Structures are given as C-alpha cells and as structure tokens.
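What follows is one structure encoded as structure tokens, with my remarks underneath.
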Amino acid sequence: MARRRPKPDSEGGPTLRSVRAAVIEVECMLCDRRDRLERKALVAQFGVHASFARLRRRFAVGCELMCHPDGDKCGTRFPCLGQAANQE
Ligand SMILES: [Zn+2]
C-alpha cells in the first residue's frame with residue numbers, strides 16, 4: 001500500500017515564506033475582526049511552508065460565516081498579500 005508522503009503544504013499560493021513582514025495582519029471585514037500575528041510565531045507553529053490558505057482557515061475558526069450552509073462566506077484575508085492573492 002503506497003502511502004503518499006504528505007507534502008509540506010499542497011494548497012499552493014503564497015506561503016509564510018513569501019512574506020517578510022515581522023507582523024502579519026489578518027482581518028475579516030464581515031465579522032469586524034482584526035488581528036496582528038507575529039510571523040515568527042506563525043512559522044514556529046505552522047512552518048515556513050504553510051500556505052496562507054491554510055492559515056486563513058485557522059484564523060477564520062469561530063467565524064460564523066466560515067461555516068455557512070452555502071459554504072465559506074467568511075471575509076478573512078491578509079492585507080499584506082494584496083488584493084490578488086486574497087482572491088483564491
Ligand atoms: Zn469572518
């Protein structure tokens with residue numbers, strides 16, 4: 001039985017590695033949530049190859065819109081990534 005070796009992160013898109021800012025902001029306009037996260041702490045917890053798609057889901061936990069019956073309606077995003085990277 002061939003077990004697939006788990007990739008560091010299969011999400012694609014930007015990872016922690018692509019951001020150099022010491023502090024990474026995360027916000028959800030819809031929920032009126034805003035947080036400042038230390039990049040160092042995130043790297044320690046998730047690894048430098050963790051994608052923002054994955055981090056986004058982590059930080060959207062507790063967002064009611066994330067678990068919407070119609071799917072993910074949460075507006076959690078990372079302003080540091082710019083508009084384009086947050087579209088996915
Ligand atoms: Zn939200």
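The HN-Hα couplings worked out from phi for the range 52-57 by the Karplus form 6.51 cos²θ - 1.76 cosθ + 1.60 (θ = phi - 60°) are 5, 4, 6, 4, 4, 5 Hz, whole numbers, x standing for Gly and Pro.
A cut-off of 5 Å between modelled amide H atoms, ignoring neighbours fewer than 5 places along the same chain, links Glu25 with Leu37, Cys80. Amide hydrogen proximity for Leu30: with H placed 1.01 Å from N in the peptide plane, the residues at 5 or more positions away or on another chain lying under 5 Å are Gly75.
We did not get these values from a lab; they are worked out from the coordinates using the rules stated. Everything numeric here is computed off the predicted structure, so don't read it as measured data.
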